[in-house]
Amino acid sequence: MDEQALAGKILLVVDDEVDLRDIVASEFEFMGAKVFQAENITVAQKILAENKIDLVVSDIRMPGGTGIDLLDAMKARDVNSPPIILITGFADITVEDAFNKGAEALINKPFRLDDLIKMTIRFSGALKSRVSEEVGQTSKKIDHIIDSSISDYSFGRGGISVVIDHPGKRFEVGENVQFEFKFSDRTFNGTAICRWSKHVDQVNHKLALGLEFVKLAGQSLDYYLNHKAERPQISFIPSLPLK
């Protein structure tokens, strides 16, 4: 990992546990970032109002307001507010709900500091670089025709939620998946991480998947970047209005 991978970045770490906050901030500073610290969301909001922050890392449970409250306030003020990574030691929120609200990631305590650093490097970078990463091969593939007249898919800032027909296949949370979605006017393909998977129709073998894009190329990448520019999304990966 490049020791100056966060050079030039301005980060905000929000946590009422001063020791943990100091450890995370020190690691970010070691990698070249300027780091602000806040012990609660009131201080965090003041820092956000007075500085151009590239990314926020926030604990969820804190006195005086939660990290979810901070996320909601940030998105209410500006849809294109800084990316935010949430950290929790409790079942405060599901990954699906965190992404739908606009968080880039939800990390459970205890966590590996290297994992948080890698996420911070990724999500503080340009959108194009986030979806241009090289990934290992995977045997899991999705080939699916999407009817654009049916609300069984929705693009977000970081991925897509979609209902697919896949009898007999399972998709594990956290695994890489190759996908090819066929629309009436284009094909959209790449590699993604499965962030959630749930049956919505056992009889007809329908699954709802939340896929975080990792690798898009060619026309798929161009379409995604244009879609993001034309239709800013609050959600990182939206929840579907599942029937």
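The values are calculated or read from the model by the stated rules, or taken from the named source; none is laboratory data. The shown structure was predicted, so the numbers you read here are calculated from the model rather than taken from an experiment. As a convention, Cβ positions derive from the backbone with ideal geometry for all residues, glycine included, and neighbour counts pool all protein chains shown. Each accessible area value is taken on the protein alone, full model and side chains, heavy atoms only, with ligands, DNA and RNA left out. Shrake-Rupley method; radii C 1.70, N 1.55, O 1.52, S 1.80 Å.
Results, tabulated for the structure shown:
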item: Candidates Ile93, Ile87, Ile160 - the one that is open to solvent by less than 30 Å² (accessible area, probe 1.4 Å), within 26 Å of Gly32 (Cα to Cα), touching a strand residue (DSSP E or B) at 6+ places or on another chain (Cβ under 9 Å) and of a type outside the set (Phe, Trp, Tyr); result: Ile87
item: Close pairs (6 angstrom Cβ cut-off, 6 or more residues apart or separate chains): on the phi > 0 side of the Ramachandran plot in segment 55-74, of a type outside the set (Asp, Glu) and not in a loop (DSSP other than H, G, I, E, B) anywhere; result: Gly65/Ile41
item: Test set (1) assigned to a helix (DSSP H, G or I); (2) in contact (Cβ under 8 Å) with a residue 60 or more places away in the chain; (3) out of contact with any Pro (no Cβ under 8 Å at 6 or more places or on another chain) - Asn100 fails condition number; result: (3)
item: Filter result (of a type in the set (A, V, I, L, M, F, W, C) and in contact with a helix residue (DSSP H, G or I) (Cβ under 8 Å, 6 or more places away or on another chain)) within segment 3-24; result: Ala5, Leu6, Leu11, Leu12, Val13, Val14, Ile23, Val24
item: Residue, surrounded by the most Cβ atoms within 10 Å (Cβ to Cβ), within segment 163-195, restricted to residues that are closer than 23 Å to Glu96 by Cβ and among the small types (Gly, Ala, Ser); result: Ala192
item: Leading residue by the ranking (nearest to Lys118 (Cα to Cα)) among those in segment 81-92 that are over 14 Å from the mean Cα position of the chain (by Cα) and part of a loop (DSSP other than H, G, I, E, B); result: Gly89
item: Search result, residues across segment 109-138 that are of a type outside the set (D, E, K, R) and either touching a Gly at 6+ places or on another chain (Cβ under 7 Å) or closer than 19 Å to Leu211 by Cβ (or both); result: Met119, Phe123, Leu127, Ser129, Val131, Ser132, Val135, Gly136, Gln137, Thr138
item: Unique match (being charged (D, E, K, R) and under 26 Å from Glu212 (Cβ atoms)) among Glu29, Glu17, Glu96, Glu3; result: Glu96
item: Among the residues listed as Glu133, Glu104, the single one being acidic (Asp, Glu), open to solvent by less than 30 Å² (accessible area, probe 1.4 Å) and in contact with a helix residue (DSSP H, G or I) (Cβ under 9 Å, 6 or more places away or on another chain); result: Glu104
item: Which listed residue is open to solvent by less than 80 Å² (accessible area, probe 1.4 Å) and of a type in the set (Gly, Ala, Ser), from Ser148, Ser139; result: Ser148
